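Shown next, in structure tokens, is the structure this report addresses.
Coordinate-derived values only; no laboratory data. These numbers come from a predicted model, not from an experiment. All Cβ positions, even for glycine, are placed from backbone atoms using ideal geometry, and neighbour counts span all protein chains on display.
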Amino acid sequence: MGGGTVLPMTRTDNNPGGTSHAVTVRGLVKHYGETKALDGVDLDVREGTVMGVLGPNGAGKTTLVRILSTLLAPDAGQATVAGYDVVRQPRQLRRVIGLTGQYASVDEKLPGWENLYLIGRLLDLPRKEARARADELLERFSLTEAARRPASTYSGGMRRRLDLAASMIGRPQVLFLDEPTTGLDPRTRNEVWDEVKAMVGDGVTVLLTTQYMEEAEQLASELTVVDRGKVIAGGRIEELKAKVGGRTLRVRPTDPLELRPLATMLDDLGITGLAATTVDTDTGTLLVPVLSDEQLTAVVGAVTAHGITISSITTELPSLDEVFLSLTGHRASAPQDATPTIDTLEEVAV
């Protein structure tokens, strides 16, 4: 998505479906010529949670967000957001959602306060309420001191916070964040994460697309992984890690000098299917990849039988980056080839 977008939002408690899901998607399909951006996507997002949508470039993440925010029409399938059908009830839907894209889209000639006040008035807020809401959000996003400065003088992080504040003017029920921290430094990214958590604490439902695995771990209650327009996995983070399989047994002997003898002993035992061990001298631990409970039991038993005094033994599930690699065949940050991606194609199509 080429920039952040703020859609009209006026608070309403209308939820005709009476469902606990803020977003429901069934069989969503979207084509760009011969390219199938979405190929029968199903998705459920529970109210008051963050759903992280992961996928490589061109997987269809932005296409999904654009359809759910009424900026694109699907070719097939159904989707409801806050109880409203994205095709049949777009005007009502736009009143209860917010959208922030990959890059801040604020009027750089206007001061930050005027940006927010203008959006409030466009949303039909009374002048007094629009002024109060602008003041409130500038304070919340730590922009009060810069309120009267043109947005062109803001840093990238300040513009991103202003963009998020703009998306909250109308108190949306559902907020779409399409890779909201792209290009931000770690400190500013953490600030954005804090604000997203605060929004969820206020009851907002968030659908977040991201390629930052740490961002997904920090914010998302559940994940959906898409690739080539299809959902290839979904569930809670720990569930996805468990599905991928494989754990790392971290063994710390009391005597660091036992590290290498311990590694040699385990490698020489020939436990069926056990991968080579790794010595981590920085932490004084031995890392043993195990794929089954049988291997885990065999390793612990061998360590005990050889009389090596152990300070601690812990098991670790795969990292989210390893899960992504296993599911998609490459890491989240892996560069794509030079062929046009779905996101590029949709910019032409819109």
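Below, the figures for the structure above:
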quantity	calculated
Coil-residue trypsin sites (Lys or Arg not before Pro) of region 60-94, DSSP, other Cβ within 10 Å capped at 15	Arg88
Volume per residue that the Cα convex hull of region 247-316 spans, once the total is divided by residue count, Å³	73 Å³
Residues in region 18-51 reached by a label modelled at Gln92 [backbone nitrogen below 14 Å; 7 Å Cα→Cβ]	18-19
Estimated inter-spin distance, Met265 and Asp280, nm [label 7 Å along Cα→Cβ]	2.1 nm
Ascending count of other beta-carbon atoms within 10 Å, so fewest first, for Leu38, Leu71	Leu71, Leu38
The chain: calculated mean residue ellipticity at 222 nm from DSSP helix runs of at least 4, using -39500 (n - 2.57)	-10500 deg cm²/dmol
Total charge dipole magnitude, region 247-316, about the Cα centre, Cβ charges on Lys, Arg, Asp, Glu only, Debye to nearest 20	60 debye
Environment charge at Thr70 (Cβ cut-off 9 Å; Lys +1, Arg +1, Asp -1, Glu -1)	+3
FRET efficiency, 1/(1 + (r/R0)^6) with R0 41 Å, evaluated for Arg171 and Ser312 via beta carbons	0.25
Segment Asn190-Val300, length gained on full extension (0.36 nm per residue, minus Cα span)	35.7 nm
Virtual spin-label span in nm between Ser221 and Arg131, 7 Å along Cα→Cβ	3.8 nm
Shape call, the chain: gyration tensor on alpha carbons, a/c limit 1.5	prolate
Shape category assigned to region 134-205 from the gyration tensor of Cα positions, a/c cut at 1.5	oblate
Gained length - Ala242 relative to Ser142, 0.36 nm times residue gap less alpha-carbon distance	32.0 nm
Cα gyration tensor shape for region 97-139, rounded if a/c is under 1.5, else prolate or oblate	prolate
Cα extents of region 174-214 along the three principal axes, largest first (Å)	27, 18, 14
Relative packing of peptides 173-181, 307-315, 229-237, 155-163 - highest average C-beta neighbours within 10 Å first	173-181, 155-163, 229-237, 307-315
Exposure rule at most 16 other beta-carbon atoms within 10 Å, DSSP loop GluC sites (Glu not before Pro): the chain longest free segment	109-350
